[in-house]
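The values are calculated or read from the model by the stated rules, or taken from the named source; none is laboratory data. Keep in mind that what you see is a predicted model, and the values were worked out from it rather than measured. Heads up, the Cβs are rebuilt from the backbone with ideal geometry, glycines too, and the neighbour counts pull from every protein chain shown. Protein only, heavy atoms only, side chains kept; ligands, DNA and RNA dropped before computing areas. Shrake-Rupley method; radii C 1.70, N 1.55, O 1.52, S 1.80 Å.
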Amino acid sequence: MLQSVNCSDRVCSLEHVAAAHEHIGTSLYEQRSRLVVYATVNLYESLAARLVDEAAQALRLLHRVRYELLSAEARVHAHQQHHVHVADDVLEHAHRSVRVECHASLHARSVNLLDGAVQVCARLVVYVHHHGARCSHLLDVVFRMHDHKMNVERLLALLSHRLDDGEAERDVRHEHAVHGVPGGNLTNINPNDIASFDVLKDGAASAIYGTRGSNGVILVTTKKGSKDGRTHASYSTSYTWNTMVKDLKMMNAQDFRDVRLGWGDSGVDLGGNVDWLDAVSRTGTTMQHTLTLSGGNDKSNYRVSADYRDAKGIDLRSRRQEYGARANIMHTTKGGLFTITANVAPRVIYSDKADYSVFKDALEANPTTPLMDPDNPIRYYNFKGQVVGSNPVERQLLETDKDDIRLIDWDGTVKLNLLPLLAKNASGNHHLSTQVMFADHQYTHDASWFRPSTSTIAIESGREGEASRSSSKESQYVMEWLTNYSGSFGKHNVKAMAGYSYQYSQYSGLNASNKDFPNDALGPDNLGAGEFNKEEGEVNMGSYKNDAKLIAFFGRVSYDYAGKYMFTASLRHEGSSKFGANHKWGNFPAVSAGWRISEEKFMKGIKWINDLKLRADYGVTGNQNFDSYKSLNTMTAFDYYIYNG
C-alpha cells in the first residue's frame, strides 16, 4: 500500500469532516439503530436549515477580522499555507433548494479566531441536480495549500451512491447490488437515461452494503434497449431561464445620500450610482440536447445516448458545458446458458466557477461607489478601505477560475445459468445462476486560477499577476462475484444469495502557484515564469498519492409463505485497509420480518385498504469514509509546530 507524504507548507487536519467515526484503534463504527436516510425533502430541509444557522454564525465571525485582511481575495490564492476556501453549501431535492454561502480566507494573524468558522465551513452537503437524480460534482473543495486537496466524495458520506446498470426487474442480485457497480459518480448520468431510482430506508436493507451504507443507499436504474425487434430513435431538447426571486431591495445611491448620510450616519459619498446586486448578476440560461438510439429483442438489445448541456449561472462568470454519452448492450446465447452485458459512459465537463461571495459583497457595497475608476476609466474602482474589500464585478470579469473534468465509467458482466448444467430436468420453479462483474471508474480534474496584474487587488498587494493550477486523478477498480438461487415449493418461496466483492481505489494529485509574471498573456499556463517562487523559502507546490482497499464476503436468505409472511436474514463480513492492523474486519448482520395483513381472509371485505403490511427490522451498518493511513505514522516535508506553548 502507498505511503502518504505531505509536501506543503502547512498541514490542515480535517479528519472529522467525514461522517462521525471512532478513532482508528477501534473496530468499524457501528450504528445499531434504524438507518436514517436523508433522501426525503423534510430531512434535507431540516439539515440545511441547521447548516444555514451555523454558516451565519461563521460569517459573523469572519466579518470581525475582515479589516485585518488586506486584499482578502489576493490572499486566498497567494498565501496557500494560510488559506482554506470552501465553496457554498448547496442542497437541492425535488425542485426545492437552500443555498448557504460559506467563504473563508485565513491569515496568520487570525488563524485562532477563524478556526471554529473553518470547521463549520467544512461541513459540506451534496449538491443534487434539480431533476433529483444527478449530482453536480459534489461541490468543488479546493485545498490549494497542501496535499489535503481531496475529493468531496471521500470527505463526506451524506449518501452512499450505487449506479444500477443491471436489469430493471428486482431480483436477488438487484437487492444486493442494484447496479452491479458500487460507487460510481452521479455527475456522469444524464437524467434522460434514468429509468428509476430508489432509496433504501432501513438498516436491514442497507446492512448488506456494510461500510458503504451507513448514510443511506440510492439505487439508480438506467434505461435499456428495446425488446420489440424494432429500432427506435428519439431526440429531446430544453431551454430554461433562471433569475433571482425575492431579491432584497437595497438603498440606491440617492437613498444612501438622503437617509444615511443625511441623518449623520457613518459613511462616505463616493460620487457613483450603482445597483451592485444588479451589477454582479444576470439572467442564467440552460440548454440541453439528448439523442437516443435503441433496438433489439429479448435475446440481444442495445441502447446508445449522447447529450450536450450548456448552462450559465445568474452570476457573471459561472458557466458549465458538458458532453456525455452512454451505451449498453446485452446478449443471451441460444438456450440461455450465458448472458453478457456491457456498459460504457464517458463525459467531459468544462466550467467557469462562480464566486458566490459576490452576492454578499453586492449587498454590503456602498451604492455611491463607482464601477470604474473616474481617474482611469479602463480600470475598475478600488474598494480599499471599504467593508467590501474588493470590487465584486472586477473579480468576476477579470479573474479566471476554471475546472476541466473528465469521467469514464465502464463495466461488464458475464452471467452463467447453472441449472441446465447441474439439473437438466429441474422444474421452472427453480433458478440458479452465477455471475462475475468487472468495473473501472476513471476521473480526472484539472483546475486553474489567474488574477492579472491590472486587477486592483493585485495592484494593492504589489503583485504583477497571480496564478495557480492543480490536478487530481481518481481510479476505482471493482470486481464482484454473485451466486443467486430462487425456488418455490408450493406456497413456500425461498431466495438465497452469496457473493464476494473487491474494490481498489487510488487517488493522486498535484498543485502549484506563483506570482509576479512578466506579462498577463499566458495566464496560469506558464507558472515557471513567475518571480515570486524564486525567493528563498517559497515552495508553493505540493502533491499526494494514496490508496485504499475494501473486501467483503456476504450472503442473504429470504423466505415467504404465500406472499403473506416474510423473513430475511443477511450477513456481510467486510475488511477495509483504512483501519488499524487489528481492527480491519467487521461484521454487519441484519434481520427483518414482515406480515402482509391485507392478504388475510378477514381483510377481504375492506375495500378501502389495498395493501397493509407490518414490518420490523434490525441492521448494522458501518463507516470508512475518512482518509487512508490515519492508523499509521506518516511524515511531512513542512509543518508548523507549537514551541514553548
Run through all the Cα pairs of segment 510-645 and give the fraction in each 5 Å bin from 0, expressed as whole percent. 2, 7, 10, 9, 8, 8, 8, 8, 7, 6, 6, 5, 5, 5, 4, 2, 1, 0
Size of electric dipole in segment 421-575: Cβ of Lys, Arg +1 and of Asp, Glu -1, about Cα centre, debye, nearest 20: 1580
Not counting ligands, DNA or RNA, and with a 1.4 Å probe, what is Asp278's accessible surface area in Å² rounded to the nearest 10? 100
At q = 0.11 Å⁻¹, what log₁₀ I(q)/I(0) does segment 178-309 have when each alpha carbon counts as one equal point scatterer in the Debye sum? -0.71
Given the candidates Pro377, Val393, Ile405, the one whose Cα lies deepest towards the positive end of the charge dipole of segment 351-409, counting +1 at each Lys or Arg C-beta and -1 at each Asp or Glu C-beta, is Pro377
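Could the peptides 532-538, 361-367 be put in order, highest first, of the mean number of other beta-carbon atoms found within 10 Å of their residues?
Values: 532-538: 10.6, 361-367: 20.6.
Peptide ranking by packing, descending: 361-367, 532-538.
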For the pair Ala423/Tyr504, report the inter-label distance in nm, with labels modelled 7 Å from Cα in the Cβ direction. 3.8
For segment 451-466, Karplus couplings with θ = phi - 60° (6.51, -1.76, 1.60), whole Hz, Gly/Pro x: 10, x, 5, 7, 5, 5, 5, 5, 5, 5, 8, x, 10, 9, x, 9
Find which of Tyr502, Ala467, Gly523 sits farthest along the positive direction of the dipole of segment 441-528, computed with +1 on the beta-carbon of Lys and Arg, -1 on that of Asp and Glu, about the Cα centre. Tyr502
Expressed per residue, the solvent accessible area of segment 375-468 in Å² (1.4 Å probe) is about 44
Using 7 Å Cα-to-Cβ label points, what is the Tyr561/Asp278 separation (nm, one decimal)? 7.5
Could you go through segment 378-387 in sequence order and give the Karplus-derived ³J(HN,Hα) for each residue, using 6.51 cos²θ - 1.76 cosθ + 1.60 with θ = phi - 60°, rounded to whole Hz, and x for Gly and Pro? 8, 10, 6, 5, 8, 8, 4, x, 8, 4
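Wrap a convex hull around the Cα atoms of segment 337-376, take a quarter of its surface area, and give that in square nanometres. If you can, show how the numbers build up before the last one.
Numbers: hull surface 24.6 nm².
Approximately 6.1 nm², given one-decimal rounding.
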Cubic angstrom per residue, convex hull over Cα atoms of segment 450-568: 198
Relative intensity, log₁₀ I(q)/I(0), of segment 281-372 from a Debye sum that treats every alpha carbon as a point, q = 0.11, 0.14, 0.25 Å⁻¹: -0.56, -0.70, -1.18
Which FRET efficiency value, to the nearest 0.05, is calculated for His331 and His492 with the Förster distance at 30 angstrom and r the Cβ-Cβ distance? 0.30
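Going by average Cβ density within 10 Å per residue, which order do the peptides 465-476, 622-633, 487-498 take, highest to lowest? Show your work: numbers first, answer last.
Working: 465-476: 21.2, 622-633: 18.8, 487-498: 14.4.
Ranking, from highest mean packing down: 465-476, 622-633, 487-498.
At a Förster radius of 51 Å, what calculated FRET efficiency corresponds to the Cβ-Cβ distance of Ser226 and Lys473, to the nearest 0.05?
Details: r = 37 Å, r/R0 = 0.72.
Efficiency at R0 = 51 Å is approximately 0.85.
Here is the link list: Lys224/Lys545; Lys224/Lys415; Lys353/Lys473; Lys223/Lys312; Lys545/Lys630; Lys201/Lys491. Which ones come out longer than 26 Å on Cα distance? Mind dumping the intermediate values first?
Details: Lys224/Lys545 37 Å; Lys224/Lys415 17 Å; Lys353/Lys473 19 Å; Lys223/Lys312 28 Å; Lys545/Lys630 14 Å; Lys201/Lys491 28 Å.
Beyond 26 Å: Lys224/Lys545; Lys223/Lys312; Lys201/Lys491.
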Cα gyration tensor shape for segment 392-483, rounded if a/c is under 1.5, else prolate or oblate: prolate
For Val557, Val387, write out the residues from largest to smallest accessible area, computed with a 1.4 angstrom probe and no ligands counted. Val557, Val387
Whole-Hz ³J(HN,Hα) from phi, Karplus 6.51 cos²θ - 1.76 cosθ + 1.60, for segment 563-569, glycine and proline x: x, 9, 10, 10, 9, 9, 9
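In debye, nearest 20, what is the charge dipole magnitude of segment 554-616 about its Cα centre with +1 on Lys and Arg Cβ and -1 on Asp and Glu Cβ, if you could check?
80
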Ordering Ile378, Ile609, Ile340 by the accessible surface of their heavy atoms, 1.4 Å probe, largest first, yields Ile378, Ile340, Ile609
I'd like the accessible area for Thr483: 1.4 Å probe, protein heavy atoms, all chains in place, Å² to the nearest 10. 50
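Work out the length of the dipole vector of segment 292-389 about its Cα centre, built from +1 on the beta-carbon of each Lys and Arg and -1 on the beta-carbon of each Asp and Glu, and round it to the nearest 20 debye.
Details: 14 positive and 11 negative charges, 124 e Å.
Magnitude of the dipole: close to 600 debye.
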